Amino acid sequence: MSSKDWIEKDYYAALGVDKSASSDEIKKSYRKLARESHPDHNPGDAGAEERFKTVSEAYAVLGDEKKRREYDEMRSLFGSGAFRRGARGAGQSGGAPFDVSDLFGGGGAGGGGDARFGGGGFTDLFSTIFSGGGAGGGARPRGPARGRDVEAEVALDFSDAVRGVTLPLTLRAPGVCDTCHGNGAKPGTTPVACPVCHGAGVTTRNQGSFSFSEPCRNCQGVGTIVEEKCPECHGTGGVTKTRTLTVRFPAGVADGQRIRLAGRGEPGDRGGPAGDLFVHVKVRPDELFGRTGDDLTLNVPITYAEAVLGTDLRVPTLDGTVTLRVPPGTPAGRVLRARGKGVVRNDGRAGDLLVTLDVVVPAKVSDEARAALETFAAQTPPAAREHLDARVRRFS
Ligand SMILES: [Zn+2]
Ligand SMILES: [Zn+2]
C-alpha cells in the first residue's frame, strides 16, 4: 500500500463512517460490511468480493490507531481534491491549492544504483515538506510564489567521493495531472457542484446560539465533486512526475555534507523562481581506507622483526601502490606519510596517505622461533619500567 493509495482512497467512506468516528464505531461498521460482502455469503458475486476487499483494506488502516493518525495527517495535507483547481479551503483566505513538494519518497535510483533517494517513510515525507523554504504553511506573500526547496539523499562509493563523480539523480514529486489539468474529471466531463454544500466547500452547523463552519466532508472543501474520474489520476488531479538531473559531486565531498543546487528544486508557481535542491551526501565506508579531511588513512600490520630491523613496505593507495621505508627501530603505532596520495582537490591541493604501523604479536610460534627468541631475550636489556616499579613497591 503506497502513500499514493492513501491520498486517493477515502477509507472512511469505504466503511460508511464519519471521520470523527470512534474506534468502536469503526469496528462495528467494518464487521457489518465485512459480513454482508463476505465471499462465503456471496458465491460468484465479483462485486461483493471487490467490496469485501475495499472494506478490509480500509479497516487495516482505520482499525490501527497509529496508521489511522498517519492517514488522517496525510489526508488533511493532500486530501483528494488537493490538486483540484479552485479548491476553497474553509477559513483559508487565499484558497490556493495545496502546494506539494517531494511527496513520494523512495524514488527511483539514478545511474547504476549509485544514487539513491532516502527511505520514504512518513517522517521523511513530512520533514521534507516542512523544511521547504519560502513557501511555508502560513501567510504567503502575494505574487508568484517561489518553488519549494527539495531535499534528497545520495549514497556515494568511497572512491567516487574522493575523486569526484557525476551522477544522474531521479526525483519523483507530485504534480498536476496533464490529462485533466488538475480538475480530476474524465476529459469531456466537468466536475459538478457538490450537492451537500452546493458548491460552497463549507458546511455550517448550528449548536445553540453558535454556528460553526467546517470544510464540507462530501467534497473535502473543494466545492465540486467528480462524477466520472480522470483515468490518468483516478480523480485526484495529481500524478507523480519524474525528473532527472545531472549532479556533479566535487572531489573530496564528505559524508554528511549538504550540496545546494540553486534553482533545481520545485518550479515556482505561475512563473515564480524555482526552489533549491539540497542533496545530502552519505559516503559508504571503504574496506581498507579511512578518511580524515583530505588525508586517507590505512593500517598496515608489520612483524616485530620488521619494526626492529627495518623494511620496505609496498602498500596500496586509492589508485595504485607506493613503497614506504620503515627505518630500523621503528616503534609500534608510528605513522608514515605518503605525500599527495590522499584526496586531490580540483584546485590541485592534495591530502596525504597516512599509514599507521601495527606491530603484530604472533599467538603461537614454532619451537625454533621460540629458541631464537629466548636467545634474543637474553641479549636484550629489560624494558624501561623503573618509573612504574617505584609505584608498585609502595603497595608491596
Ligand atoms: Zn487527471
Ligand atoms: Zn461539498
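The values are calculated or read from the model by the stated rules, or taken from the named source; none is laboratory data. Since the structure is predicted, the reported quantities are computational estimates derived from the model, not experimental observations. Every residue, glycine among them, receives a Cβ derived from its backbone with ideal geometry; neighbour counts consider all protein chains shown. When the accessible area is computed, the model is the full protein with side chains, heavy atoms only, and any ligands, DNA or RNA have been set aside. Shrake-Rupley method; radii C 1.70, N 1.55, O 1.52, S 1.80 Å.
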Legend entry - Residues with amide H under 5 Å from that of Thr297, placed H, sequence gap 5 or more: Gly290, Arg291, Thr292, Leu354
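Per residue, how many Å² of accessible area does the stretch 164-248 show with a 1.4 Å probe?
I get 53 Å² per residue for this part.
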Inset, instruction - Run down the aspartates and glutamates and flag those whose C-alpha is under 14 Å from the C-alpha of Lys32, throwing out any fewer than 8 positions away in its chain. - result: Asp24
Inset, instruction - Roll a 1.4 angstrom probe over the protein heavy atoms and tell me the percent of accessible area of the stretch 188-285 that is carbon or sulfur. - result: 51 percent
Legend entry - Members of Lys53/Lys186; Lys27/Lys53; Lys67/Lys229; Lys66/Lys241 lying beyond 20 Å, as alpha-carbon distances in this model show: Lys53/Lys186; Lys67/Lys229; Lys66/Lys241
Inset, instruction - Per residue of the stretch 355-362, in order, report the coupling 6.51 cos²θ - 1.76 cosθ + 1.60 (Karplus, θ = phi - 60°) as ³J(HN,Hα) in whole Hz, putting x for Gly and Pro. - result: 9, 8, 8, 9, 7, 9, 9, x
Legend entry - Amide proton proximity set for Lys186, modelled H, under 5 Å, gap of 5+: Glu228, Lys229, Cys230
Legend entry - Accessible area expressed per residue, the stretch 322-377, with surrounding protein chains retained (probe 1.4 Å, Å²): 67 Å²
Inset, instruction - Quick one, can you get me the convex hull of the C-alpha atoms of the stretch 319-366 expressed as volume per residue in Å³? - result: 121 Å³
Inset, instruction - List every residue whose amide H lies under 5 Å from the amide H of Thr224, counting only residues 5 or more places away in sequence or on a different chain, with H placed 1.01 Å from N in the peptide plane. - result: Cys194
Inset, instruction - Taking a cut-off of 19 Å between Cα atoms, list the aspartates and glutamates near Lys9, but don't count ones fewer than 8 places away on the same chain. - result: Asp18, Glu49, Glu50, Glu57, Asp64, Glu65, Glu70, Asp72, Glu73, Glu227, Glu228, Glu232
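If r is the Cβ-Cβ distance from Ala383 to Asp347 and R0 is 45 Å, what FRET efficiency results, to the nearest 0.05?
It comes to 0.40.
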